[in-house]
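Okay, structure first, notes after.
The values are calculated or read from the model by the stated rules, or taken from the named source; none is laboratory data. Keep in mind that this is a model prediction, so the values were computed, not measured. Every residue, glycine among them, receives a Cβ derived from its backbone with ideal geometry; neighbour counts consider all protein chains shown. To get the accessible areas, we keep the full protein, side chains included, count just its heavy atoms, and leave off ligands, DNA and RNA. Shrake-Rupley method; radii C 1.70, N 1.55, O 1.52, S 1.80 Å.
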Amino acid sequence: MELKVVAVLLCVLLSWIPLFLSEEVRVRVEGVTSIAKTDDNFVCATLDWWPSNKCDYNQCPWGNAGILNLDLKNKILSNAIKAFSPLRIRVGGSLQDQVVYKVGNLVKKCHHFKLRKDGMFGFSPGCLPMNRWDDLNNLFNETGAMVTFSVNALLGRKKPKDNETLWIGDWAPQNTRDLMAYTVSKGYKIDSYEMGNELCGGGVSARVEARQYGKDVIALKELVKELYPDPSTQPKVLGPAGFYDEKWFNEFLQTTGPGVVDGLTHHIYNLGAGVDANLINKVQDPYFLDQIAQTFKDISTTIKSFGPWTGAWVGESGGAYNSGGKDVSHTFVNGFWYLDQLGMTSTFNHKVFCRQALIGGNYGLLNTTTFIPNPDYYGALLWHRLMGTTVLQTTQNSSPYLRVYSHCSKTKPGVTLLMINMSNSTAFDVSVVNDLNLYPEEHKSADESQQEPREEYHLTPKDGNIQSDVLLLNGIPLVLTESKDIPAMNPKLVDAAKPINVAPDSIVFATIRGFNAPACA
């Protein structure tokens, strides 16, 4: 009997022990000077050409989400784009260098992509009919999207017999000229044109030498200037849309020179293959995620040395290649990688970050079949609404599993912090310190003069399951309204004198209105 009493008392005592450890953290935000700037529309998503029979690892996750077969009348799709007001969309992908445009006199028949063993990426060439281009632009116009269209960079080239991947010869612009002329005649707005997809460096399925590619981008720029003579509405020109290769990128910028490349686009798939059984661990490992920082730094160095007139863009990044991981890339835990990438790239002065994909594969921001937003959609939307263009130096000497980034707030005074807690066992109580850089020994609490409540957005997975595709905002599931609109995302108002509690396996945006940051003035 005595043993039973002891056991009961022990259970009562254990119930009072916190389930998680809690650690106090001081985060310093340097408010006097900025360290980088992003574009107003930093968040970007892609639409890809993949047909429904694009399959990897015994699965075919694209369904009818490709550019040529996507249901453009779907109300959730249009509402999801409208919510960004505007969303930057890149139209492109692996098959774009096999796409011809059914306009003008060059293309006689408009064929669909077909499986072909000897084709690039296993497919035959395909075609974009103008009625489909009309439908796409109707969607873009209705939703206010900012469009990047990536053109076929292999038109006119050929492969020498002694090389399997190298394509030689000048780019033939006529088919692209016809598409641009049609686009202009219809009044369709294009924010930017991009040359080719993953043809730089060693290429992926094909490659073009840097000097030749540079000459062709100059030709694209001249074409844009001819067809869009008004500088105020002239689309930007982007390239090279591939994986960073220092020598190739340097030579490319030296060839093009100033006034040609408006955005230096590079691709990131730093998580490896989508089939990797270790994928879920990679997205929660800060030491692994840190490895890509060197690439961002190297890109910045290349621009500083060879192209200070341009800016770095992540033109495509799905995390894990070959359509992403089927149990990871569409779930809550992927937000650790994605939002950390947004934070990290912005500190390296990147202007735009394009997520592969808006819809399609396992890494779509929207579910491929239902169109219902996945957790990363809401993370992207909160970033877009809260994080301004001015990036501030942010440091903390606590756990590496707590990632913290801060920007000037987008529309109101003060600063907004993004905090990502990758630990599943430790909560962090974060106090924000305003480091004015002038008198380091006299750090001032960010909240000392703060009268307004702090605005907090706590993102957690349903039932605590990090592989859930249902996201909770301040404990409430984010679900579409009856009219299929994106739900309101309202903050929790918190006493500004209290620390910010960042629970294990959670993501928090916090806006501090009274934060005195001269860099934000």
Next item on the list: Kindly list the number of the only condition in (1) farther than 27 Å from Lys221 by Cα; (2) open to solvent by 10 Å² or more (accessible area, probe 1.4 Å) that fails for Phe123.
Entry: (2)
Next item on the list: Keeping to region 306-316, report how many residues are more than 23 Å from Thr33 (Cβ to Cβ) and not in a loop (DSSP other than H, G, I, E, B).
Entry: 5
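Rundown of residues vs (1) farther than 17 Å from Leu199 by Cα; (2) charged (D, E, K, R), yes/no style:
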| position | (1), (2) |
| --- | --- |
| Lys73 | yes, yes |
| Ser78 | yes, no |
| Asn105 | yes, no |
| Lys109 | yes, yes |
| Gly122 | no, no |
Checklist line | Glu164 at negative phi and assigned to a strand (DSSP E or B) | finding: no
Next item on the list: Answer yes or no: is there a residue in region 32-39 that is open to solvent by less than 10 Å² (accessible area, probe 1.4 Å) and either in the same structural domain as Ser346 (by the TED database) or more than 14 Å from the chain's Cα centre (by Cα) (or both).
Entry: yes
Check: Among the residues of region 285-302, which ones are in contact with a strand residue (DSSP E or B) (Cβ under 6 Å, 6 or more places away or on another chain) and open to solvent by 20 Å² or more (accessible area, probe 1.4 Å)?
Finding: none
Next item on the list: Taking only region 300-320 into account, find how many residues are in contact with an Asp or Glu (Cβ under 9 Å, 6 or more places away or on another chain) and touching a residue at least 40 places away in the same chain (Cβ under 8 Å).
Entry: 9
Notebook entry, point to check: Could you count how many residues in region 20-50 are under 30 Å from Ala519 (Cα atoms) and not in a strand (DSSP E or B)?
Noted result: 5
Check: Which one of these is over 24 Å from the mean Cα position of the chain (by Cα), in a loop (DSSP other than H, G, I, E, B) and modelled with pLDDT of 65 or more: Asn53, Asn69?
Finding: Asn53
Check: Is there a residue in region 99-107 that is of a type in the set (Val, Ile, Thr), in the same structural domain as His267 (by the TED database), modelled with pLDDT of 95 or more and farther than 20 Å from Asn175 by Cα?
Finding: no
